[in-house]
Amino acid sequence: MVKLAERAEKLMGMSPEIWQRHANPWSGWSRVAALPLISLAVWSRIWIGPWALLPFAVSLLWLWVNPRLFPPPRDTHNWMSQGVLGERVWLNRQKIPIPHHHLRMGHILNTVSALASVLWLAGLIWLDIWATLFGMSIIMLAKLWFIDRMVWLYTDMQPDHPEYAAWMKNKDSR
C-alpha cells in the first residue's frame, strides 16, 4: 500500500515546493471536482463518442496541473491546508512513524475508497448511473473523511517534528 502511494506521488512529481502550492485551500477544494469531472468525461462517450477521450484527458491533466496552479498559501490555519499537510505526513510514515490510531483509520478509509472504486468503475463501464453516483459518493465521502483525519494527524505530529511545524504558515508573520 505504501509503495502504491509513493509511486503515485512520484508520478505526480510532488516536490516539497509543489506540496507547498498544493496546501493552498483553492488547490485542495478545486481538486474535489476531479472525480465528478472524470465521471462526466467517461459518460460523455454516449453523446460525443470517441471525442470523449478529450474531456477525459483534460480531467486527468487537471489532477496533475492542480497542485501547481495555485501559489503557496500565506496562511495554513484552515482545514484543507492542514489536511494536505497531513497527507504529506501520511506519505512520510515510513521515515517518521505515525500513531497507530491514525494508521488504522487511514487504512480503513483508503480500503472503503478502494472498494467503492470498484462500484464506480463498474458504473462507468456499464453506464449505470446509480452505481456511478453511489460509488463516486462513497469515494468522495471517504476521501473527505480521510482529509479530516489528516488534519488530526498533522495537528498531533507537528509539535514534535520541527520539519512538520515549519510547513505551517501564518499570514500575520509576513
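Okay, here's what the table says:
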quantity: Test: residue in the range 36-59 that is part of a helix (DSSP H, G or I), under 19 Å from residue 113 (Cα atoms), of a type in the set (Gly, Ala, Ser) and modelled with pLDDT of 95 or more; calculated: yes
quantity: Tally, over the range 1-31, of residues that are at pLDDT below 95 and among the hydrophobic types (A, V, I, L, M, F, W, C); calculated: 8
quantity: Conditions (1) over 15 Å from the mean Cα position of the chain (by Cα); (2) closer than 18 Å to residue 36 by Cα: number failed by residue 105; calculated: (2)
quantity: Top-ranked residue in the range 51-70 [being without any contact (Cβ under 8 Å) to a residue 24 or more places away in the chain and over 15 Å from the mean Cα position of the chain (by Cα); ranked as nearest to residue 30 (Cα to Cα)]; calculated: 58
quantity: Any hit, the range 128-136, residues being surrounded by 14 or more Cβ atoms within 10 Å (Cβ to Cβ), polar (S, T, N, Q) and on the phi < 0 side of the Ramachandran plot; calculated: yes
quantity: Selection count where residues are surrounded by 14 or more Cβ atoms within 10 Å (Cβ to Cβ) and either farther than 23 Å from residue 155 by Cβ or of a type in the set (Phe, Trp, Tyr) (or both), scope the range 65-78; calculated: 4
quantity: Among (1) within 26 Å of residue 72 (Cα to Cα); (2) touching a residue at least 12 places away in the same chain (Cβ under 8 Å); (3) part of a helix (DSSP H, G or I), the one test that residue 159 misses; calculated: (2)
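The values are calculated or read from the model by the stated rules, or taken from the named source; none is laboratory data. All of these numbers come straight from a predicted model, not from anything done at the bench. Cβ: placed from backbone, ideal geometry, glycine included. Neighbour counts: every protein chain shown.
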